[in-house]
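*Asks:* After the structure tokens below, expect a handful of questions from me.
The values are calculated or read from the model by the stated rules, or taken from the named source; none is laboratory data. All of these numbers come straight from a predicted model, not from anything done at the bench. So basically every Cβ, Gly included, is an ideal-geometry build from the backbone, and we count neighbours across all protein chains shown.
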Amino acid sequence: MHNKKLFVLAAVVALPCITFASFVPYSDAQAAPASVSRQEPAASRLPWAQPAQRRTVAPDQTSINAAQSKVKRPKRNAPSAQRKVRRRRGNGVAPVPAPDVAEYKTLVSNFAREYNVPVDLANAIVTVESNYYPKAQGGAGEVGLMQIKPATARGMGYKGSRSGLFHPETNIKFGMKYLAAAYKLGGKTTCGAVLKYNAGHGAKRMNPISSAYCAKVKRLLQK
């Protein structure tokens with residue numbers, strides 16, 4: 001009897017616990033492990049935080065044409081009237097004659113008569129020397145219509161500068177004085193005058209350059 005009472009008492013005590021447990025729902029949080037959220041931070045989703053995308057803009061044809069129009073193209077060098085003409089005396093090609101040839105020929109004729117030089121010989125010398133180009137310059141320092149050197153002109157009484165010998169009248173005056181002395185020293189012959197004028201008053205023998213020079217002068221005298 002005593003044992004029966006103990007059993008009934010134990011059953012009464014255990015009944016509320018069983019009843020309470022049957023009403024408690026099973027939690028999903030306990031049944032499965034919590035999932036880890038991998039969403040990006042809110043700041044990274046802002047428009048200004050996104051990397052800028054490069055945009056390729058095709059160049060406007062108008063802009064290209066405008067840029068090309070601003071490019072400076074080199075100008076062609078116009079022939080200068082002051083250009084230097086260099087040649088070898090006696091066997092070179094004379095420059096193109098100047099437009100005032102008639103005026104220069106008049107000066108040559110006047111000074112040739114003044115210094116007792118045959119006019120035709122004087123004009124032939126000037127033709128071979130410069131072809132009547134007043135700015136002609138030789139490779140050895142000769143200048144002007146008669147290709148006279150400054151030192152040679154000073155020996156004839158010239159007191160001016162080298163640039164002064166480019167003046168046609170001045171050049172012809174002192175060049176003709178030198179040619180007159182060459183003509184006299186050369187025995188008043190064509191090749192003798194050419195040798196003394198081309199190679200110097202002290203030259204004794206004809207050299208190849210002076211020979212070619214004399215041949216040109218003779219051809220001009222025959223015209």
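*Asks:* Report, by residue number, each residue of region 185-203 that is closer than 20 Å to Lys149 by Cβ and free of Cβ contacts under 8 Å to residues at least 12 places away in the same chain.
*Replies:* Once the filter is applied, which keeps residues that are closer than 20 Å to Lys149 by Cβ and free of Cβ contacts under 8 Å to residues at least 12 places away in the same chain, region 185-203 yields Gly186, Ala199, Gly200, Gly202, Ala203.
*Asks:* Here is a further query. Scan region 198-217 for residues that are surrounded by 13 or more Cβ atoms within 10 Å (Cβ to Cβ) and among the basic types (Lys, Arg) and report the count.
*Replies:* Selection size over region 198-217: 1.
Yes/no per residue for (1) of a type outside the set (Val, Ile, Thr); (2) over 26 Å from Lys223 (Cα atoms); (3) within 36 Å of the chain's Cα centre (by Cα); (4) modelled with pLDDT of 95 or more:
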| residue | (1), (2), (3), (4) |
| --- | --- |
| Arg87 | yes, no, yes, no |
| Ser109 | yes, no, no, yes |
| Ala112 | yes, no, no, yes |
| Asn116 | yes, no, no, yes |
| Thr127 | no, no, yes, yes |
| Gly164 | yes, yes, yes, yes |
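*Asks:* Filter region 138-172 down to the residues that are hydrophobic (A, V, I, L, M, F, W, C) and either surrounded by fewer than 24 Cβ atoms within 10 Å (Cβ to Cβ) or free of Cβ contacts under 8 Å to residues at least 40 places away in the same chain (or both) and list them by number.
*Replies:* Across region 138-172, the qualifying residues are Ala140, Val143, Met146, Ile148, Ala151, Ala153, Met156, Leu165, Phe166.
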